[in-house]
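Below is one structure, written out as structure tokens; comments come after it.
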Amino acid sequence: MGKKLMLGTSAIAQGAIEAGISYAASYPGTPATQILEHLAQNSSVKCEWSINEKVAYEVAYGVSLTGRRALCSMKHVGLNVASDPFMTSAYLGVRGGFVLAIGDDPGAYSSQNEQDSRFYASFAKIPCLEPSDGQEAKDMTKLAFDISEELNLPVMIRSITRLLHCYSPVEIGKKRKENTVSIEKNPEHMIAIPKHVINLHKTLNAKQTLILEVIKKHKLNKIFTAKSKKGIIACGITFQYAMELKEKLPILKISAYPIEKNLIKEFVNNLEEVIVLEEGYPFVEQLVRSYHPKVKGKISGDLPMEGELGIDSVMKVFNKCNNYCPEDVNKYLLPRPPVLCAGCPHREFYKALNEAKPSFVTGDIGCYTLGANPPFKAIDTCLCMGASISKASGIASQGIKGVAAIIGDSTFIHTGIPALINAVYNKSNILVCILDNSSVAMTGHQPTPAIGVTAKGEDTKVLDLAQLCKACGADSVEVVDPYDKKTTYEAIKRGLETPGVNVIIAKRACVLVARKLKS
Ligand SMILES: Cc1ncc(C[n+]2csc(CCOP(=O)(O)OP(=O)(O)O)c2C)c(N)n1
């Protein structure tokens, strides 16, 4: 059917389309956002933006229980939110093929940490495939659905920002038929309660040998021979870095986990030195070290433990750096951190907030986190999505007055709501500021339930945030326009000085969304 130039995210979506999926769910997060966007815009697959990753995982898992195939995609930290259903779904197994596409972000180009999802796959005892380019991303996604149905397990596809955000040619294939819907009741295998757990765990453990057999059968990990006593073990995208070296060295290309230990032993057996290349944590290197005395990698200090590995650090290890990476290139580049756009309503809100002089401001994750930068310097802490309100409660609980929590509309719906209920229940004295710009702006303006539009662009019910906060028991709820600085300032001042949980919803659409709506 011919080749197409595709983003890595689109290649994964295309693999899922060709695998015959019936459903896809996601919560936006760089670098994985465009997987669902591609599916929503280019297929008839039922696609949903979920309100958070845990819900996305559970709804997609529900689809798998009907015998149909489902894809769930998210960024690496999203899996922390979804980890509860994720871990136990491995015990229960799946019915229709169920694939979890994770976008890791080594280098933290757009993330709060650099965690490596291969550990999660290993922790849950499920297979994980790691493509090295767009074509493999498509093929492996398709294969992941087959493996999922063969082993009755969720399968993870782990990719990284550089692969997901790069274009490469991808061969387009035929779309397989969807599975038919069927309901099955099998309590011992579908209900995770204590009396079933040991047996479910036994079943999962018994599948570990089968996983290795399947990985072997599909030749997902390959040895490329060459006459040298030095060899490279290259995981995922680092296989491309190894090829760019243009050295005649033996390479063990790793694309699937759990690791085939015998293959590692066979590969390192006659080598004098092994170099392990992997993006993320030294997941493979720590194992290889138990099979060979001379291993170069991150643990040895030859490659950086933090940041994206990239081709530059690989070139450095092979003393090829001068051709590729002029030393200290960064000293010629001016730092250009992202800033709040001109006209951004968050800017106006922060001006009013600073004038009201809160004692401490707990931030959250979204465009509004940029308020931590000069000239505003309006935020004192930022941890993870949904943590602003809970952190404010903790700080206020120790007698600190005038604490404000700042949270965006999507983040509030994602994980802020339970924290607000918790604050009310535990009689906190805090001001909660929901910066409602009618969009998930940070990740590219996806819709939220407060806008009333679905992933497919259809109208749906609109969530009323003010009513919701009242129903949570907030002592006061005020809706202000951040462009009206006087009213916003007065509401903040009142909220900081009045005991109880006071909520301000600063409502004005993101300037970029407003511009789009006008055109
Ligand atoms: C657990 C997790 N999921 C997803 C993300 C990606 N992400 C960063 S901010 C954000 C939402 C921002 O939307 P909103 O709260 O409405 O603020 P805005 O950017 O519109 O100001 C998302 C989805 C993340 N950092 N962590």
Which ³J(HN,Hα) values in Hz, rounded to whole numbers, follow from the phi angles of segment 205-216 under the Karplus curve 6.51 cos²θ - 1.76 cosθ + 1.60, where θ = phi - 60° and Gly and Pro get x?
5, 5, 6, 4, 5, 4, 4, 5, 5, 5, 4, 5
In whole angstrom, note down how far apart the Cα centers of segment 414-442 and segment 213-233 are.
50
Which whole-number percentage describes the relative contact order of segment 222-332, with Cα contacts under 8 Å and a sequence gap of 6 or more?
24
Whole-angstrom gap from segment 143-212 to segment 449-482, using each part's C-alpha centre
36
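In segment 440-519, what GluC sites (Glu not before Pro) fall in a loop by DSSP, with at most 13 other Cβ atoms inside 10 Å?
Those that pass, being in a loop and sparsely packed, are 458.
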Test item: Cα-centred dipole of segment 3-217, Lys/Arg +1 and Asp/Glu -1 on Cβ, debye
500
What list of ³J(HN,Hα) couplings, whole Hz, do you get for segment 228-235 from phi and the Karplus terms 6.51, -1.76, 1.60, once you set θ to phi - 60° and write x for glycine and proline?
7, 8, 10, x, 10, 9, 10, 9
May I ask you to list the lysines whose Cα is less than 16 Å away from that of residue 216, ignoring any residue fewer than eight positions away on the same chain?
207, 253, 261, 265
According to the square roots a ≥ b ≥ c of the eigenvalues of the Cα gyration tensor, what is the shape class of segment 1-142, taking rounded for a/c under 1.5, prolate for a/b larger than b/c otherwise, and oblate for the remainder?
rounded
Size of the dipole of segment 222-332 about the Cα centre, Lys and Arg at +1 and Asp and Glu at -1 on the beta carbon, nothing else charged, in debye to 20?
500
Per 0.36 nm of contour for each residue apart, how much would the distance between residue 166 and residue 383 grow if the chain were fully extended, relative to their Cα-Cα spacing?
75.2 nm
For the chain, share of DSSP beta bridges that run antiparallel, in % to the nearest 5
20
In segment 3-217, what % of DSSP beta bridges are antiparallel (nearest 5)?
20
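Treating only the Cβ atoms of Lys and Arg (+1) and Asp and Glu (-1) as charged, compute the dipole magnitude of the chain about its Cα centre; round to the nearest 20 debye.
640
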Per DSSP H run of at least 4 residues, take -39500 (n - 2.57); add these up for the chain, divide by its residues and hand me the 222 nm value, nearest 500 deg cm²/dmol.
-10500 deg cm²/dmol
Counting only backbone N atoms under 17 Å from a point 7 Å out along Cα-to-Cβ of residue 191, the residues of segment 57-72 in range are none
Non-local residues with an amide H under 5 Å from the amide H of residue 477, with H modelled 1.01 Å from N and Pro and chain starts lacking one, are 503
Could you tell me which residue out of 433, 500, 371 lies farthest along the dipole of segment 345-518 toward its positive end? Charges go on the beta carbon: Lys and Arg +1, Asp and Glu -1, centred on the Cα centre.
371
Quick calc: nm separation of the 7 Å Cα→Cβ label points for residue 320 and residue 210 -> 4.2
Run the reach check for residue 486 against lysines, Cα to Cα strictly under 30 Å, same-chain hits fewer than 8 apart removed. What comes back?
351, 357, 377, 391, 401, 427, 470, 507, 516, 518
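Every number in this text was worked out from the coordinates using simple rules, so none of it is lab data. In this text the structure is predicted, and so the values were computed from the model without any measurement. Neighbour counts are summed over all protein chains in view; Cβ atoms, including those assigned to glycine, are modelled from backbone coordinates with ideal geometry.
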